Amino acid sequence: MNMTWIALIIGLIMLIMAFAAIYAKKLAVAIIAAGVVSLLASILYLTLAAPDVAMTEAAIGSGLSTIIFFYAINKIRKQSHD
Amino acid sequence: METIEIIGALITLAGSIFLVLGSLGLVRMPDLYTRIQAGTKASTLGTILTLFGLGLIHLDWMGKLIILILFVLLTNPISSHILARSAHYIKTPVSKLTKVDKLKDKETEKTSEANHTNPEDEL
Amino acid sequence: MIKKLIYILVLVGAGIIMAQLFAGFSGSTELSETARYYVESGPEETGAANLVTAVIVTYRGLDTLGEVTILFTVAAIIAFFMKTREQRDKPKRRVSEILTTGARILVPGTMLFGAYIFINGHLSPGGGFQGGAIIASGFALMLLAFPQANLSHKTIRWVESISGFSFVIIGVLGIFMAGGFLDNSILPLGNFGSLFSAGAIPIIYIFIGLKVGAELSNVVGHMHEKQKEI
Amino acid sequence: MEIFQLEYITLITGGLLVLTGLWGIISQKNLIRMVIGFSLFDTGLHVIMISIGYIRNGTAPILDKAVDKVNAAGQIVDPLPQALVLTAIVIGLGVTALMLAYVVRLHKEKGSLNITNFKDLKW
Amino acid sequence: MINTILTIATVLIFISFILSGYRFFKGPDTANRTVTFDVMTISSIGLIALIAHFANRIIYLDIAIVYGLLSFMAVIIIAKYLEKELF
Amino acid sequence: MNLKNPAFLFAILLLFWILLSNTLALEFLIPGMLLIVLIIVLFCRNCKIFDGAKTTPKAFIYTLVYIFVFLGELIKSNFDIARRVLSPKLPVNPGIIEAKTKLKSPMGRMILANSITLTPGTFTVEIDNDTLYIHSIDIDEEHLDDMSSKIIRRFEKYLEEIYD
């Protein structure tokens, strides 16, 4: 019963953050919001008894993706300033 | 139902109360630096107490929980320091209540060629 | 205006397809037949305590080979698009002393943790892909703390090709010494639940971890370096 | 209540996440935002696949002290969708990185991120 | 008894999530939102440990360690991006 | 060839490995040791972070004392923050002050900065050689020098015994 409540609240926060990721004014904020969505998805996988997938999502979806996104928008910012 | 387990559960409860207080500080504090004060300290102690309490409930989990505690103790201050350093460099506004800012004095007298404009960039 | 309408129509259509899918869904209370086979005979046949690992490395091993190939292609294409030049800009500002000191402890710690993840892939959650991702994040931390550090692309390429080659060699050995391609019983299965068990699974996962770690580090390194002016 | 089960809640969350990502892809003009929408879409699909493999009151498919080998079949969830999703997440990272590399190159060529400026293949 | 107390702790962690979510939407600039991200990930380490208790599996704790590592990385890269020191 | 740095790092990583695998069995210990040696050879051939560390018994005792002092300060700081957050007037009086430290070893400075970050109402914003810039939540404008030396001395007097 506990897990159901956890999944319900996590899912609600995830959807709100997904809208924030699409409608945020700055790209950096949008990427942070997408990172939060991945992070919470990882907790959702944990409640669904899938620790392998949770670890992959935490390491890849929320870690490396965010890093690569930030490197990419940093390059774009540099190009537009030159 | 042993005493040590109930003590552990109560410690966990205290830790989560500290987490709530940290987020409350995040909402109430006036500027970025005071928010980092509230956020870092309260969330660090909150997480440590939560993990330690769970370690008292399951004594055989203690090894991994100690790893987590040491990890949080090492990384959390570093990350908040780096964030505050960057925020001060790009001149994030401080609140009106701030009395002294020695670091700003130092930077203004040292560098004048720092042509670092608009922190509110589009990206 | 008409564009907005089309967008909403597309969205409604997708929503209807989703709703159709969900209407036919009823939560299952017991395993399907395929899953039951994996659960009941998996531990005996492969000796791995983590059944997801058993499925990934042995039963669906060819998928994993394809996946590693796709990652290799991605790394190669990104290297093609982001060509590098030798020298980089000097950083405008010194990296904080606290971060460099902390990174000297955290980088080896991260590498050790990544290695732990892929060596224990058959006993606890994790495996080659997760461990490789963590090793790549360790490289990223190194690049952030020491921006002038040299990430030797030559060494990374060597590690990557040698581990990929060994992975395929182990797979082919399975054909001759055991039941088929990527069969893990070319080595003794050992005691269930100990580190040296599950036949060739730990060795295969070590190679996958090294290969994925090298590829993702290459991607991060190419993203980090400055672009060549063409 | 039938709808108030764990797998239904996560299934609906995943479905709404897919729709949100799709909305982001088709309605935004900025290329980076489209990539973000794609990653949301990806996450939603993975959540759906994991929920389909969930067995009610099941635990993780890893055998240790808590789950023994003999009567594992009655306790654990389906390992097959988890293996597939694990593969899909790694491929998703590769696709995202590739798309970002393309975006960087496109911006270098055209000096803009707006999709309406790319008219080379428009008919 | 123990499970009741721990359920209350879970609810409190969710309240902390919601409060930091408020700051995320309010926060005037990117740096403030990054603080929020940091606090959220640190709280979710505690949440994962609690889920591990409810499911009674020690193996879930490995994921919490990955979380701690990756949140650190993300905060550092955002800070570097903000001060334009990323290459 | 100075063996002090690799030895310290080896001890720390071995402790990490044992706690991580949660067992003392040899089949986990020996691969771990091999891995740690490999990692030290690859990533820490010439790092000098532990140069200032002393290896006398006195330093060991002071390390233990330091841990307890630090934990006490951590709990005190949190009650301080909680009091400020909960009181309706929000009594904050922030400012950034500077303080000089006598520690030379980078490891000692990192531990000092981290401890300051985790204790009552203070955290390190910038470190520039031997000058720490500390953001404090409650400053006393008349006695700035007293305050900064008080913040620093609280930990420095123990750390001096452990690091040069």
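For segment C:11-63, treating each Cα as an identical point scatterer without solvent, what Debye log10 I(q)/I(0) comes out at q = 0.12, 0.13, 0.23, 0.31 1/Å? Once normalised to I(0) and log-transformed, intensities are -0.48, -0.53, -0.82, -1.15. For the Cα atoms of chain E, what angle does the longest principal axis make with the long axis of helix E:2-26, in degrees from 0 to 90, nearest 10? Rounded to the nearest ten degrees, it is 20. Taking the square roots of five times each eigenvalue of the Cα gyration tensor of the protein assembly as shown, the equivalent ellipsoid has semi-axes of 39, 32, 29 Å, listed largest first. What shape does segment E:2-82 have by the C-alpha gyration tensor, where a ≥ b ≥ c are the square roots of the eigenvalues, rounded means a/c under 1.5, and otherwise prolate means a/b greater than b/c and oblate the rest? Since a/c reaches 1.5 but b/c is at least a/b, the shape of segment E:2-82 is classed as oblate. Once the convex hull of all Cα atoms in segment C:1-159 is built, its volume per residue stands at 252 Å³. Derived scalar couplings between HN and Hα for segment A:70-81 equal 5, 4, 5, 6, 5, 4, 5, 4, 5, 5, 6, 7 Hz in order, rounded to whole Hz, by the Karplus curve 6.51 cos²θ - 1.76 cosθ + 1.60 (θ = phi - 60°), x for Gly and Pro.
Around C:Ile156, what is the net charge, scoring Lys/Arg as +1 and Asp/Glu as -1 over all other residues with Cβ under 11 Å from its Cβ? Taking every Cβ under 11 Å from that of C:Ile156, the sum is +1. The GluC sites (Glu not before Pro) found in segment C:18-51 include none that occupy coil by DSSP while having at most 10 further C-beta atoms within 10 Å. Computed from backbone phi, the HN-Hα couplings of segment C:102-109 come to x, 5, 5, 8, 6, 5, x, x Hz, rounded to whole numbers (Karplus: 6.51 cos²θ - 1.76 cosθ + 1.60, θ = phi - 60°; Gly and Pro given as x). Just to be sure I understand: with springs between alpha-carbon atoms less than 10 Å apart, which residue in F:Glu73, F:Glu126, F:Glu27 has the highest mean-square fluctuation in the Gaussian network model of chain F? Comparing F:Glu73, F:Glu126, F:Glu27 in the GNM, the peak value goes to F:Glu27.
Hey, how much of the P(r) for segment A:2-81 falls beyond 15 Å, as a percent of Cα pairs? When every Cα pair of segment A:2-81 is considered, 60 percent fall beyond 15 Å.
Every number in this text was worked out from the coordinates using simple rules, so none of it is lab data. Keep in mind that what you see is a predicted model, and the values were worked out from it rather than measured. Please note: Cβ atoms are built from the backbone with ideal geometry, for glycine as well, and neighbour counts cover all protein chains shown.
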